[in-house]
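The values are calculated or read from the model by the stated rules, or taken from the named source; none is laboratory data. Nothing here was measured: the structure is a model prediction, and the numbers come from that model. Because the Cβ atoms are built from the backbone with ideal geometry, glycine has one as well, and the counts that use them run over all protein chains shown.
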Amino acid sequence: MSNDQGEWRYVGIDVSARELAVAERGAGGTGVWRVANTAAGHQQLGERLAAQGGPVRVCLEASGNYSLDVALTLSRRRGMEVNLVNPRQARRFAESLGERSKTDPVDARVLAEYGARMPWTAWQAPSAAALQLRAITRAIAALVVTAAQQKNRQHALAASTALPPLVARECARVEKYALQRVERLRRQAQRIVERDPHLRRCWAHLLTIPGVAEASGLAILGELAILPASLDARQWVAHSGLDPKQHVSGSSVERRPRISRAGNRRLRAALFMPALVAVQHDPYLRGFYQRLVGHGKAKLQALTAVMRKLLHGIFAMFRHDEDYHGEKLCAV
């Protein structure tokens, strides 16, 4: 849409498990109303916003599954745009307005103000296949954590003669069950990828990267598949939270740069092991890593830079529909 800012109505929605608090910019403290966070409530919300006339921009926090269905329902309506905001950014914006309280009505009004004042980025709904893949890969990651926890408990229990062996056996059964579920979900994820031409091409390109195998490839693809095609490589890095954050003040304060971490922690976790393997087996990324260490970077800092470099490479591979070329990625 090409409406001028003055023609838009800005609405903020605070999302919780059971209900949505809705506020329109300029409506004042009495302008907050609520609907149930259900399919029927989402339809009611869309109809009420549309009934008031004019195009609407709706701003809400990216709070996982609780906000996903709301965003999907509203983005399908004609004359409505949705912006999903990083919760940390929304909180910092609230603090900049002097809002110390954190209640549902306050958060809804802050989000409406955020939509009106900050640069607007319309959310683009991912494909059904991409959403399914992300849900499955996140379930896999949770089950892998469960299996690791149960394995660690078995080790601790085996070291004690005072505790009954039955507990260790139960931990072993839970670990085995979790790993079985992981294998089943991975097969389902692969079927989703194989049925979708775009995902299938991206998957094939990912597997050409040294250090990326089936498990890490699915985890990376599950997080990247839902990103809008309009984003550039720097926005991918910011989304992952791998963008550098500097702290310099005057001539006396200069702290070591760190990554912002204001992004997708699951994507960072999925990139860690491929980067670790790549610096051992890929000559180009190994050389990049060694140059950074030689210039005084800590090993973890250098590895984080490799993760960022990998993400840039994956962006180029997806955009240009080509396999991994380390010499291009690490060209000096």
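Listing for the model above:
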| quantity | calculated |
| --- | --- |
| Sole residue being surrounded by fewer than 16 Cβ atoms within 10 Å (Cβ to Cβ), more than 23 Å from residue 265 (Cβ to Cβ) and touching a strand residue (DSSP E or B) at 6+ places or on another chain (Cβ under 6 Å), chosen from 122, 108 | 122 |
| Residue identified as modelled with pLDDT of 95 or more and either over 30 Å from residue 201 (Cα atoms) or assigned by TED's automatic domain parsing to the domain that holds residue 73 (or both) among 133, 157, 111 | 111 |
| Residue within region 28-50 that is in contact with a Phe, Trp or Tyr (Cβ under 6 Å, 6 or more places away or on another chain) and either within 26 Å of residue 135 (Cβ to Cβ) or not assigned by TED's automatic domain parsing to the domain that holds residue 263 (or both) present | no |
| Residue check for residue 54: at pLDDT below 95, of a type in the set (Gly, Ala, Ser), assigned by TED's automatic domain parsing to the domain that holds residue 90 and closer than 18 Å to residue 110 by Cα | no |
| In region 21-66, residue surrounded by the most Cβ atoms within 10 Å (Cβ to Cβ) [restricted to those that are in contact with a strand residue (DSSP E or B) (Cβ under 7 Å, 6 or more places away or on another chain) and within 27 Å of residue 136 (Cβ to Cβ)] | 60 |
| Identity of the residue in region 202-230, surrounded by fewer than 17 Cβ atoms within 10 Å (Cβ to Cβ) and in contact with a Phe, Trp or Tyr (Cβ under 8 Å, 6 or more places away or on another chain), that ends up modelled with the lowest pLDDT | 228 |
| Sole exception among (1) over 20 Å from residue 9 (Cα atoms); (2) touching a residue at least 60 places away in the same chain (Cβ under 8 Å) for residue 120, by number | (1) |
| Options 82, 58, 70: the member that is touching a His at 6+ places or on another chain (Cβ under 6 Å) and touching a residue at least 40 places away in the same chain (Cβ under 8 Å) | 70 |
| Selection count, region 231-263, where residues are surrounded by fewer than 19 Cβ atoms within 10 Å (Cβ to Cβ) and either at pLDDT 85 or above or in a helix (DSSP H, G or I) (or both) | 7 |
| Candidate set: region 161-196, residues that are polar (S, T, N, Q) and modelled with pLDDT of 95 or more; chosen: the one surrounded by the fewest Cβ atoms within 10 Å (Cβ to Cβ) | 180 |
| Qualifying residue in region 76-99 (condition: part of a helix (DSSP H, G or I), in the same structural domain as residue 15 (by TED's automatic domain parsing), crowded, with 18+ Cβ neighbours inside 10 Å and of a type in the set (Val, Ile, Thr)) | no |
| Among the residues listed as 271, 285, the single one being of a type in the set (A, V, I, L, M), at pLDDT 95 or above, surrounded by 13 or more Cβ atoms within 10 Å (Cβ to Cβ) and over 15 Å from the mean Cα position of the chain (by Cα) | 285 |
